[in-house]
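Throughout, read-outs are computed from the coordinates displayed, never taken from laboratory work. Since the model is a prediction, treat every value here as computed from it, not as a measurement. All Cβ positions, glycine included, derive from the backbone under ideal geometry; neighbour counts span all protein chains shown.
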Amino acid sequence: MKIIWTYTAKGTFAQILEYLLENWTTKEVDKFTEEVRNIISQIEGNPYMFEASSKNKSVRKGFVNSLVSLFYRVQPQKKK
């Protein structure tokens, strides 16, 4: 399954990283970034592993850590 970041997702992630760099240590930001990469890798290998939304079954919610969730959409017909 191919992972494609939307323009909005890229911008939001950049804003989050900017905030974290202002308020966290570099080591903590690196750890967070690695957690995000791990979740994305898991989603790439098994896109249906996280719970689907009750309103839209193509939208799912993955957990980066106890405070951060990653929302994503699965498009099986496009394999992305």
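Checking every one of the trypsin sites (Lys or Arg not before Pro) in the range 1-72 against DSSP loop status and a limit of 11 other Cβ atoms within 10 Å picks out Lys2, Lys55, Lys57. Using the Karplus relation 6.51 cos²θ - 1.76 cosθ + 1.60 with θ = phi - 60°, the per-residue 3J(HN,Hα) values for the range 56-62 come to 9, 5, 7, 9, 10, 10, x Hz, with x marking Gly and Pro. Take the Cβ atoms of Met1 and Glu28, set R0 to 25 Å, and the FRET efficiency comes out at 0.25. Checking every one of the chymotrypsin sites (Phe, Trp or Tyr not before Pro) in the chain against DSSP loop status and a limit of 16 other Cβ atoms within 10 Å picks out Trp5, Trp24, Tyr48. Between the C-alpha center of the range 65-80 and that of the range 6-63 there is a gap of 9 Å.
Relative to the current alpha-carbon distance between Glu44 and Glu18, full extension at 0.36 nm per residue lengthens the span by 6.8 nm.
With everything on Cα atoms, drop me the angle between helix 7-23 and the longest principal axis of the chain, reported from 0 to 90° to the nearest 10. Tilt relative to the chain: about 30 degrees.
Of the GluC sites (Glu not before Pro) found in the chain, those that fall in a DSSP loop while having at most 12 other beta-carbon atoms within 10 Å are Glu51.
Using 0.36 nm per residue and subtracting the Cα-Cα separation, the extra length available between Glu51 and Ser66 on full extension is 3.9 nm.
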